[in-house]
Amino acid sequence: MREALAEAAFQLFLERGFERTTVDDIVARAGVGRRSFFRYFPSKEDAVFPDHERCLAEMTAFLDGHADGDPLERVCEAARIVLRMYAANPEFSVQRYGLTREVPGLRTYELSVVRRYERTLAGYLRGRYGDAPDASLRAEVIAAAVVAAHNNGLRGWLRSGGQGDAEGAVEHAFALVREVWSGRGGPRAVVSAAGDAGEGGEVVVMVAARSTPLWRVVQRLETALADG
C-alpha cells in the first residue's frame, strides 16, 4: 500500500505539478481512503521521499553492527547505502531530483532528510572517538564532509540524467575527505622514549609535509601526547 500510494502521488506530481495535486487526488488515483494515505505519510512531501526512512534504518543498523575498524571508512560505507538506493532506480531518482529543484518546499524537506543522515553519522563517530580531544567537533566535521562529498558526486550524476558512473564520482569525492581526515599522507606524530630527552624522558617526533597547515600539525601533536 505504501508503494502504491507513493507511485500514485509521484505520477500526479509529474502530471499536474506538486502544488496542484491534493491528497484527495492521490487517494483517488490509488483507490483508497484518506486515512490510508496518512497512515503511511504525514504529508505530501513525505510521499516524494518514500524510501529514505528505510534507508536511514538500514544505515543505522549497519553502523550499530560495526564498532571496529576505521571509523572514517565505516561512515563512507554507510553513505554508500544511500547512493545504492538512488542508483537502484535511476529514472525515478532523476525525476525526483528535477521535481525537488522546482518546488521550494521539497528542497527544504530534502535538506531535513540530509541532516538526519548527517546526525546519524556524527552520532556513530562520537561513539567511536570517545574521550579523544575534540571528539564531538571531529565527529560533526567529518560527518558533514562525508555527506557533502557524497551529495556532490550523487547530484552530478543526477544532473547528467543518471548517465555515467555515480559510484566513481562519489568515490572520487570520498578520496578528498580521506586526504584530510584519514591520516594517510598527513602529519604523523610519534611519542617515543629517548635517553637524551631530559627530565621528561620522552621526545615527540613530527613528520609533516611543508604544505601541512599548522592547525593540522598541532592537532596531531595533541592526539599523540594524549595517547602517549
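The values are calculated or read from the model by the stated rules, or taken from the named source; none is laboratory data. Remember, it's a predicted structure, so these values are computed and weren't measured experimentally. Every residue, glycine as well, gets a Cβ built from its backbone with ideal geometry; the counts of neighbours run over all protein chains shown. Areas reflect the complete protein model, heavy atoms only, side chains present, ligands, DNA and RNA absent. Shrake-Rupley method; radii C 1.70, N 1.55, O 1.52, S 1.80 Å.
Computed quantities for the displayed model
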read-out	value
Residue satisfying condition, being of a type in the set (Ser, Thr, Tyr), open to solvent by 10 Å² or more (accessible area, probe 1.4 Å) and farther than 18 Å from Leu56 by Cβ, within set Ser136, Ser112	Ser136
Test: residue in the stretch 164-174 that is open to solvent by less than 10 Å² (accessible area, probe 1.4 Å), assigned to a helix (DSSP H, G or I) and among the aromatic types (Phe, Trp, Tyr)	yes
Test set (1) touching a residue at least 40 places away in the same chain (Cβ under 8 Å); (2) open to solvent by 40 Å² or more (accessible area, probe 1.4 Å) - Tyr124 fails condition number	(2)
Residue that is out of contact with any His (no Cβ under 7 Å at 6 or more places or on another chain), touching a residue at least 24 places away in the same chain (Cβ under 8 Å) and surrounded by 14 or more Cβ atoms within 10 Å (Cβ to Cβ), where the choices are Phe18, Phe62	Phe18
Test set (1) closer than 29 Å to Glu118 by Cα; (2) surrounded by 14 or more Cβ atoms within 10 Å (Cβ to Cβ); (3) at pLDDT 90 or above - Arg54 fails condition number	(2)
Failed item, numbered, when Gly31 is tested on (1) on the phi > 0 side of the Ramachandran plot; (2) in contact with a Ser or Thr (Cβ under 9 Å, 6 or more places away or on another chain)	(2)
Tally of residues being within 21 Å of Val94 (Cβ to Cβ) and hydrophobic (A, V, I, L, M, F, W, C) across the stretch 6-40	8
From Ala57, Ala30, Ala78, residue being more than 26 Å from Ala166 (Cβ to Cβ) and either within 12 Å of the chain's Cα centre (by Cα) or aliphatic (A, V, I, L, M) (or both)	Ala30
All positions within the stretch 24-44 that are over 15 Å from Arg2 (Cβ atoms) and surrounded by 14 or more Cβ atoms within 10 Å (Cβ to Cβ)	Asp25, Ala28
Arg101 vs. criteria more than 12 Å from the chain's Cα centre (by Cα), under 30 Å from Glu19 (Cβ atoms) and open to solvent by 50 Å² or more (accessible area, probe 1.4 Å)	yes
